[in-house]
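All remarks here apply to the structure that follows.
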Amino acid sequence: MSSPMSASSFLDALKDEGLTVVQVGDWRTHNRNHKGPWGPVHGVMIHHTVTRGTARTVELCRDGHSTLPGPLCHGVIAKDGRVHLVGYGRTNHAGLGDDEVLRAVIAEKRLPSDNEANTDGNRYFYGFECENLGDGKDPWPAVQLEAIERAAAAVCRYHHWGAPSVIGHREWQPGKVDPRGFSMTSMRARIHERLK
């Protein structure tokens, strides 16, 4: 069981992992904490945005939209590999997912199939939205994939978690497909190597 790191520690962890970080407005206090607790934290969740254009993507992830208020993640990982911090605390990124998946993440064991949506993931996961159309055709530049690897590893390193603590949204919530265009198995392998 881990308490969330402070916003300053989060920023430092990302920078220490070699990432270029862009701080967006009042990101340190921009959250959904009035809707429920954030923490204990157990893992990192990776998403794709279904958007094009970094400025528009960052704005959407910070502000949300009429049916889902922002922030929609903690950090937006752009095509150029920069990480834009848009919120800190509870964010609207994970939604309801499978309690058996959460138990597997905590135990760092192989993930079961996600066949239920009975557990509040916004409480338990750090979330990174990654700029991509999510159509399976939009490319994932090498610099962006490396940034995803580094961002997830930074959080894992701080909490002394291994790569099995990193999951895709599609592994958490039935019906989700993100991130589409790369394998979470291969991403976890990259994170594992980085954490060695």
Original post:
In the range 95-196, which helices (runs of 4 or more DSSP H) lie fully inside it and hold 2 or more residues that are over 16 Å from the mean Cα position of the chain (by Cα) and surrounded by fewer than 17 Cβ atoms within 10 Å (Cβ to Cβ)?
Top reply: 99-107, 142-159, 184-195
Original post:
What number of residues within the range 118-168 are closer than 25 Å to Lys196 by Cα and either modelled with pLDDT under 95 or not charged (D, E, K, R) (or both)?
Top reply: 31
Subject >> Matching residues in the range 26-50 - criterion: being assigned to a loop (DSSP other than H, G, I, E, B), open to solvent by 30 Å² or more (accessible area, probe 1.4 Å) and among the β-branched types (Val, Ile, Thr) >> reply: Val50
Subject >> Search result, residues across the range 11-25 that are open to solvent by 40 Å² or more (accessible area, probe 1.4 Å), assigned to a loop (DSSP other than H, G, I, E, B) and under 15 Å from Cys73 (Cβ atoms) >> reply: Gly25
Subject >> Only listed residue being touching a residue at least 40 places away in the same chain (Cβ under 8 Å) and at positive phi, chosen from Gly18, Gly75, Gly64 >> reply: Gly18
Original post:
Restricting attention to the range 112-124, which residues are touching a strand residue (DSSP E or B) at 6+ places or on another chain (Cβ under 7 Å) and over 15 Å from Ile46 (Cα atoms)?
Top reply: Asp114, Ala117, Asn118, Thr119, Asp120
Original post:
Restricting attention to the range 56-78, does a residue exist that is touching a helix residue (DSSP H, G or I) at 6+ places or on another chain (Cβ under 6 Å) and either part of a helix (DSSP H, G or I) or open to solvent by 20 Å² or more (accessible area, probe 1.4 Å) (or both)?
Top reply: no
Original post:
Mind checking which pairs have a first residue in the range 117-129 that is closer than 26 Å to Gly81 by Cα and a second that is in a helix (DSSP H, G or I) and not basic (Lys, Arg), Cβ under 6 Å, 6 or more apart or different chains?
Top reply: Tyr126/Val155; Phe128/Ala151; Glu129/Cys61
Original post:
Can we say Gly81 is in contact (Cβ under 8 Å) with a residue 60 or more places away in the chain and at positive phi?
Top reply: yes
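The values are calculated or read from the model by the stated rules, or taken from the named source; none is laboratory data. Predicted model only: the values in this text are computed from it and were never measured. Methodologically, a virtual Cβ is constructed for each residue, glycine included, from the backbone with ideal geometry; neighbour enumeration extends over all protein chains shown. To get the accessible areas, we keep the full protein, side chains included, count just its heavy atoms, and leave off ligands, DNA and RNA. Shrake-Rupley method; radii C 1.70, N 1.55, O 1.52, S 1.80 Å.
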